Amino acid sequence: MSDLLRLATAGSVDDGKSTLVGRLLYDTKSVLADTLDAVHRASADRGLTTPDLSLLVDGLRSEREQGITIDVAYRYFATPKRSFVLADTPGHVQYTRNTVTGASTAQLGVLLVDARKGVVEQTRRHAAVLALLGVPRLVLAVNKIDLVDYDEVTFSRIAKEFTAHATALGFPEDAVVEIPVSALAGDNVVERSDKTPWYSGPTLLEHLETVPVEPDPHDAPFRFPVQYVIRPRTAEYPDYRGYAGQVAAGTVRVGDEITVLPSGLRSTVEKIDTADGPLEEAAAGQSVTLLLAHDLDIARGDLIASGDAPKVTDEFEATVCWLAEKALTPGARVLVKHGTRTVQAIVTELRNRFDEQKLASTESPGSLGLNEIGQVSVRTAEPVPVDDYSRNRRTGAFLVIDASDGSTLAAGLVGAPLPELDGVDSCTGGGNSAQDSHALVSPGP
Amino acid sequence: MSVGTALDTLGRLESEAIHIFREVAGEFDRPVILFSGGKDSTLLLHLAVKAFWPAPVPFPLLHVDTGHNFQEVIDFRDRTVEKYNLRLEVASVQDYIDDGRLQERPDGTRNPLQTVPLLDAITTHKFDAVFGGGRRDEERARAKERIFSLRNAFGQWEPRRQRPELWNLYNGRHRPGEHVRVFPLSNWTELDVWHYIAREGIELPSIYYAHQREVYLRDGMWLAEGPWGGPREGEQLVSKTVRYRTVGDGSCTGAVESDAADIEAVIAEVAASRLTERGATRADDRLSEAAMEDRKREGYF
């Protein structure tokens with residue numbers, strides 16, 4: 001079992017997300033005495049009689065002033081069974097981009113709903129974002145269960161509705177778990193609650209400690225974006241020429257035949273080097289230096305690959321999550337950062353838009369605004385080696401960058417990473433039924 | 001040797017930090033590593049050496065010297081620079097005080113005074129990427145920090161306008177005058193740092209381990225005698241067995257009473273501690289509820 005789980009939280013404003021995260025930290029004794037003292041003091045200053053656990057995590061002045069979480073924050077806690085990296089992401093609509101940030105590396109998403117309100121638009125939107133970004137597993141924490149008198153029927157209704165939505169988005173049923181909790185009172189977060197005798201599943205922490213974690217794809221085709229060429233030119237290493245990078249997918253062994261993309265040059269791996277000595281093989285996640293049998297022209301930005309080679313192309317389809325206030329319009333000139341290569345690009349076509357507010361899609365919209373998700377066609381100035389995001393979360397991902405000010409405009413995913421749904425072509429209605437949200441995954445024209 | 005299994009936590013953290021160092025080397029013109037001789041920056045340098053081996057580290061070091069240092073740490077700093085044959089730039093707070101560009105604070109602490117010399121050094125040397133040893137587990141405001149953190153021409157951090165950071169694709173684009181603070185240790189905890197120091201056998205300044213020292217009590221912290229003024233009237237020097245959990249400006253970095261004389265003992269002590277390293281020994285973080293955030297907005301690390 002993996003000793004580390006990376007998770008991201010998401011939920012609407014006031015669902016109690018900061019309190020839940022605070023509760024997790026508090027009940028796992030991950031909070032040290034001086035930090036706790038500070039929270040007790042600050043709570044008392046605000047006239048509260050019990051400590052406000054959200055103050056443990058809302059780190060910015062304006063967050064504490066407004067009582068909301070503005071920006072994604074990373075928390076670290078551990079139990080004897082596992083370590084956790086938690087991306088605590090804000091629920092407010094204007095900060096949905098941070099949900100994308102947190103989800104890009106998460107192995108599990110924890111969504112929160114208020115038991116009194118049940119599954120709302122924002123819940124469906126966040127589940128869709130987590131599905132889009134390939135987060136393999138979901139937990140729905142049905143919070144404030146104390147405020148519905150620990151009612152089993154209420155919980156079951158919400159759980160059923162959520163499962164239906166999540167499976168429609170492509171999550172297997174066993175990848176989705178619902179848990180009734182009260183972050184404020186501590187029910188079923190770390191400690192099992194005696195007020196929900198009808199619930200036989202795990203507490204949130206028990207689930208986090210035992211949920212299977214998908215390993216890095218060691219058996220996928222080998223992918224190695226070249227970051228940096230190491231050429232010491234010292235007396236000791238006069239002819240050393242190594243290609244430094246982190247294995248993005250698969251495994252490489254000494255003697256393997258490789259192809260350098262986009263040039264298509266071929267060679268074999270002569271040595272896999274590290275500062276701690278050479279390796280026989282290196283797998284996804286490891287930072288190493290490759291030495292090749294031939295003296296080839298290889299630079300930062302190239303991709304060393306073997307096995308089923310990625311497509312080398314200057315035109316591809318992609319899904320983008322637009323993260324900037326400046327809208328995307330077809331014909332926009334941007335930069336695309338894929339792996340270690342940054343190229344000029346034009347978004348030639350905006351094929352459809354998933355409207356985050358209406359949870360519906362529009363064909364050929366004129367533009368894509370902040371927090372909107374759409375399918376686009378991209379043309380690049382030079383060919384790039386791309387995999388489909390659904391096959392590889394690393395080599396299928398790219399950033400869209402504003403060439404003029406350098407800001408990050410969008411998260412890009414090569415291909416259409418969401419499954420197609422039978423019988424749902426497009427949907428223009430406003431409503432907020434679960435059915436409408438399926439339009440997100442409708443195929444383009 | 002063959003490694004076919006998944007990386008353990010330290011292996012994963014090491015690999016991530018090496019990846020970050022190489023990204024910066026590949027994309028920036030003039031990076032620099034902030035180096036104080038403390039444990040985090042020593043670890044940072046160790047990882048940089050690994051990232052570019054067998055070539056030398058392609059960056060110089062920058063020390064913002066408050067003038068209130070522990071001699072053991074300065075000696076260690078100079079030894080380390082020589083060992084790796086690196087270039088060290090020093091930005092001196094004392095120089096700024098001597099020629100009137102900065103004024104000594106009434107409380108005598110010089111930590112907040114580092115910001116101006118730091119930003120001046122960045123401007124003078126045209127550094128465009130500045131590595132720091134900051135970790136997100138240190139403090140609430142730090143938990144909000146990106147690995148690549150854009151600073152404007154005034155060195156300011158604007159938490160509401162941070163770039164989204166996706167996958168391991170770091171965006172280092174910046175305009176002239178702006179720079180990027182880079183935090184390769186973002187995802188490490190204090191215990192990870194100590195476990196890694198033990199695993200790699202990294203040498204640290206001796207004051208991290210238990211030793212006998214003359215100290216006096218001020219605001220609940222054991223401060224050492226030094227050029228920063230102390231003990232004042234009514235403060236009594238006593239000899240104690242202590243060590244330091246962080247190494248910063250001597251005027252505001254307290255010692256903790258400890259018998260942990262070697263790395264195993266330190267790890268056991270840190271694991272059992274009920275106090276954060278900053279809460280235990282850093283007076284400057286106690287100034288207000290948002291002390292760290294406010295300093296970061298001004299350009300501090």
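The values are calculated or read from the model by the stated rules, or taken from the named source; none is laboratory data. Everything numeric here is computed off the predicted structure, so don't read it as measured data. Ideal geometry is used to build each Cβ from the backbone, glycine not excepted, and the neighbour counts take in all protein chains shown. Each accessible area value is taken on the protein alone, full model and side chains, heavy atoms only, with ligands, DNA and RNA left out. Shrake-Rupley method; radii C 1.70, N 1.55, O 1.52, S 1.80 Å.
Less than 17 Å apart at the alpha-carbon level, and either on another chain or at least 8 residues along: which aspartates and glutamates does that give for A:LYS29?
Counting by Cα, and skipping residues close in sequence, A:LYS29 has these aspartates and glutamates nearby: A:ASP37, A:ASP52, A:ASP187, A:GLU191, A:GLU206, A:GLU209, B:ASP137, B:GLU138, B:GLU139, B:GLU190, B:GLU269, B:GLU277.
In a Gaussian network model over chain A where Cα atoms closer than 10 Å are linked, find which of A:ASP276, A:ASP256, A:ASP34 has the largest mean-square fluctuation.
A:ASP276
Counting other Cβ atoms within 10 Å, which trypsin sites (Lys or Arg not before Pro) in the range B:30-106 have at most 16 and lie in a DSSP loop? Could the numbers behind the result be given before it?
Values: sites: B:LYS39, B:LYS50, B:ARG77, B:ARG79, B:LYS83, B:ARG87, B:ARG101; in loops: B:ARG87, B:ARG101.
Counting only loop positions with at most 16 other Cβ atoms within 10 Å, the trypsin sites (Lys or Arg not before Pro) in the range B:30-106 are B:ARG87, B:ARG101.
Can you classify the range A:72-125 as rounded, prolate or oblate using the Cα gyration tensor, where a ≥ b ≥ c are the square roots of its eigenvalues, rounded means a/c under 1.5, and otherwise it's prolate if a/b beats b/c and oblate if not? The partial results should precede the final answer.
Numbers: a/c = 2.51, a/b = 1.53, b/c = 1.65.
Note, shape of the range A:72-125 comes out oblate.
Are there any residues in the range A:198-234 with a reduction of at least 30 Å² in accessible surface when going from the isolated chain to the assembly of protein chains? Probe 1.4 Å, please list them by number.
The answer is A:HIS218, A:GLN227, A:TYR228, A:ILE230, A:PRO232.
Restricting to chain B, compute how many DSSP beta bridges are antiparallel as a %, nearest 5. Kindly include the intermediate steps, with their values, before the conclusion.
Working: 18 of 31 bridges.
Antiparallel: roughly 60 percent of the beta bridges in chain B.
Rounded to the nearest percent, how much of the accessible area of the range A:115-210 (1.4 Å probe, protein heavy atoms only) is carbon and sulfur?
Working: 1840 of 3620 Å².
Roughly 51 percent, rounded to a whole number.
Rounded to two decimals, what ratio of Rg to Rh does the range A:222-305 give with C-alpha atoms and a Kirkwood Rh? Walk me through the numbers before you get to the answer.
Values: Rg = 11.7 Å, Rh = 12.6 Å.
A ratio of 0.93.
Per residue, how many Å² of accessible area does the range A:222-305 show with a 1.4 Å probe?
Details: 3260 Å² over 84 residues.
Normalised by residue count, the accessible surface of the range A:222-305 is 39 Å².
Once you average over the residues of A:315-325, how many Cβ atoms of partner chains fall within 10 Å of each Cβ? Display every interim value, and only then the final one.
Values: counts 0, 0, 0, 0, 0, 0, 2, 0, 3, 2, 0.
Averaged over the peptide's residues, the number is 1.
From other protein chains only, count the Cβ atoms within 10 Å of every residue's Cβ in A:398-410, then give the mean.
Numbers: counts 3, 9, 0, 4, 2, 1, 2, 4, 9, 6, 9, 3, 2.
Partner Cβ neighbours, averaged per residue: 4.
Is the shape of chain B best called rounded, prolate or oblate, per the rule: a/c under 1.5 gives rounded, else a/b larger than b/c gives prolate, else oblate, with a ≥ b ≥ c the square roots of the Cα gyration tensor eigenvalues? Write out the running numbers ahead of the final one.
Values: a/c = 1.62, a/b = 1.20, b/c = 1.35.
Note, shape of chain B comes out oblate.
In peptide A:268-277, how many Cβ atoms from other protein chains are near each Cβ within 10 Å, on average? Don't jump to the answer; show the numbers that get you there.
Working: counts 0, 0, 0, 0, 1, 2, 7, 10, 5, 1.
Rounded to a whole number, the mean comes out at 3.
To the nearest 20 debye, what is the magnitude of the charge dipole of chain B about its Cα centre, counting +1 on the Cβ of each Lys and Arg and -1 on the Cβ of each Asp and Glu?
In debye, rounded to 20, chain B gives about 980.
Among A:PRO197, A:VAL176, A:ALA416, flag the residue with its Cα farthest along the positive direction of the charge dipole of chain A, charges on Cβ as +1 for Lys/Arg and -1 for Asp/Glu.
Checked the options; the winner is A:ALA416.
For the range A:4-215, give me the percentage of DSSP beta bridges that are antiparallel, rounded to the nearest 5 percent. Walk me through the numbers before you get to the answer.
On the way: 7 of 31 bridges.
Around 25 percent of the beta bridges assigned by DSSP in the range A:4-215 are antiparallel ones.
Just to confirm my numbers, what's the Cα centroid distance between the range B:144-189 and the range A:340-403 in Å?
Each part's Cα centre sits 23 Å from the other's.
Give me the base-10 log of I(q)/I(0) for the protein assembly as shown at each q in 0.05, 0.06, 0.09 Å⁻¹, Debye formula, one uniform scatterer per Cα, rounded to two decimals.
-0.25, -0.37, -0.85
Leaving ligands and nucleic acids out of the surface, order A:TYR240, B:TYR196 by accessible area at 1.4 Å, largest first. Intermediate values should be presented prior to the final figure.
Working: A:TYR240 25, B:TYR196 0 Å².
Sorted descending by solvent-accessible area, the residues read A:TYR240, B:TYR196.
For chain B, set up a GNM with springs between Cα atoms under 10 Å and report which of B:PRO60, B:PRO159, B:PRO227 has the largest fluctuation.
Fluctuation is largest for B:PRO227.
Filter B:LYS39/B:LYS83; A:LYS81/A:LYS160; A:LYS81/B:LYS50; B:LYS144/B:LYS240; B:LYS83/B:LYS126; A:LYS17/A:LYS160 down to the pairs with a C-alpha to C-alpha distance above 28 Å, please. Can you show the working numbers first?
Details: B:LYS39/B:LYS83 17 Å; A:LYS81/A:LYS160 30 Å; A:LYS81/B:LYS50 30 Å; B:LYS144/B:LYS240 37 Å; B:LYS83/B:LYS126 26 Å; A:LYS17/A:LYS160 22 Å.
Check vs 28 Å cut-off fails for A:LYS81/A:LYS160; A:LYS81/B:LYS50; B:LYS144/B:LYS240.
Pop a pseudo-label 7 angstrom from the Cα along the beta-carbon direction at both B:ILE74 and B:GLU203 and give the gap in nm to one decimal.
1.9
Residue by residue through the range B:47-63, what is 3J(HN,Hα) from phi via Karplus (6.51 cos²θ - 1.76 cosθ + 1.60, θ = phi - 60°)? Round to whole Hz and write x for glycine and proline.
Once rounded to whole Hz, the list reads 5, 5, 4, 5, 5, 10, 3, x, 7, x, 4, x, 10, x, 10, 10, 10.
Based on Cβ point charges of +1 for Lys and Arg and -1 for Asp and Glu, what charge dipole magnitude is obtained for the protein assembly as shown about its Cα centre, in debye rounded to the nearest 20? Mind showing how you got there, number by number?
On the way: 82 positive and 111 negative charges, 195 e Å.
Value, rounded to 20: 940 debye.
From the helices alone, meaning DSSP H stretches of at least four residues, give me the mean residue ellipticity at 222 nm for the protein assembly as shown, per-run term -39500 (n - 2.57), in deg cm²/dmol to the nearest 500.
Working: 17 runs with 175 residues, N = 746.
Estimated from H runs of four or more residues: -7000 deg cm²/dmol.
Is the shape of the range A:4-215 best called rounded, prolate or oblate, per the rule: a/c under 1.5 gives rounded, else a/b larger than b/c gives prolate, else oblate, with a ≥ b ≥ c the square roots of the Cα gyration tensor eigenvalues?
Details: a/c = 1.41, a/b = 1.26, b/c = 1.12.
Judged from the Cα gyration tensor, the range A:4-215 comes out rounded (a/c under 1.5).
Just going by the charge dipole of the protein assembly as shown, with Lys and Arg at +1 and Asp and Glu at -1 on Cβ, which of A:GLY406, B:SER149, B:HIS195 is farthest out on the positive end?
Positive-end residue among those listed: A:GLY406.
For A:SER83, what residues show an amide H to amide H distance below 5 Å, using hydrogens built from the backbone and excluding near sequence neighbours?
Hits under the 5 Å cutoff: A:LEU4, A:LEU5.
What percentage of the solvent-accessible surface of the range A:267-323, computed with a 1.4 Å probe over protein heavy atoms, is contributed by carbon and sulfur atoms?
Values: 910 of 2110 Å².
Looking at the range A:267-323 in its full context, I get 43 percent from C and S.
With a 1.4 Å probe on protein heavy atoms only, tell me which residues of the range B:38-53 lose at least 20 Å² of accessible surface in the complex relative to the chain by itself.
Residues meeting the cut-off: B:LYS50, B:PHE52, B:TRP53.
Leaving out same-chain residues fewer than 8 places away, which lysines sit with a Cα under 25 Å from that of A:LYS311?
Qualifying lysines at Cα under 25 Å: A:LYS337.
How large is the dipole of the range A:110-235 about the Cα centre if only Lys and Arg carry +1 and Asp and Glu carry -1, each at its Cβ, rounded to the nearest 20 debye?
On the way: 13 positive and 18 negative charges, 164 e Å.
That gives the range A:110-235 a dipole magnitude of about 780 debye.
Rounded to the nearest 100 Å², what is the buried accessible area between B and A, both sides summed, probe 1.4 Å? Don't jump to the answer; show the numbers that get you there.
On the way: alone 14690 and 19820 Å², together 28410 Å².
By this definition, chains B and A bury close to 6100 Å².
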